[in-house]
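Have a look at the structure below before the remarks.
The values are calculated or read from the model by the stated rules, or taken from the named source; none is laboratory data. What you see is a predicted model, and the numbers here were worked out from it, not measured in a lab. No Cβ is skipped: glycine too gets one built from the backbone with ideal geometry, and neighbour counts run over all protein chains shown. With ligands, DNA and RNA removed, areas are computed over all heavy atoms of the protein, side chains included. Shrake-Rupley method; radii C 1.70, N 1.55, O 1.52, S 1.80 Å.
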Amino acid sequence: MPVVLIGLSLLTIVSYLFGGGAASIRLLQGLMALCVLAGVLGVVLHYRGSLEFQLEIDPSQRGWDLFSKVIQAKAPPTLAPGAMAQLGLLGLVYAFRHPALGRAVASELPASRGV
């Protein structure tokens, strides 16, 4: 799933660079939101996998000791999918109020009167 999302995101960026407009930015926003969701889901799934593995090794583990071993696990790396979420957030920041979307930036709007 992450490889597919990254590939689609790269294709979308290339299509924007070669004449894409608002549609490619909207598609990029959607893909980046999916990257964030995939990253969060990946952390949860990796955590569960590492937890099961640690409990198979020593079923008597509990509390902080168990948690620290799960977080520091090398296979599957529990926090590695967090990079996918970071990639998605970076893409969403890039696409936020992008000029191709034709939105007025708040600083360009006329000052409101009253109050």
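General observations
- Taken over segment 33-60, the criterion of being in contact with a helix residue (DSSP H, G or I) (Cβ under 7 Å, 6 or more places away or on another chain) and under 21 Å from residue 91 (Cβ atoms) is satisfied by 33, 34, 35, 36, 38, 39, 40, 42, 43.
- Exactly one residue among 16, 47 is closer than 18 Å to residue 100 by Cβ and aromatic (Phe, Trp, Tyr), and that residue is 16.
For every residue, the table says whether it meets (1) modelled with pLDDT of 90 or more; (2) open to solvent by 50 Å² or more (accessible area, probe 1.4 Å); (3) assigned to a loop (DSSP other than H, G, I, E, B).
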residue	(1), (2), (3)
61	yes, no, yes
65	yes, yes, no
70	yes, no, no
86	yes, yes, no
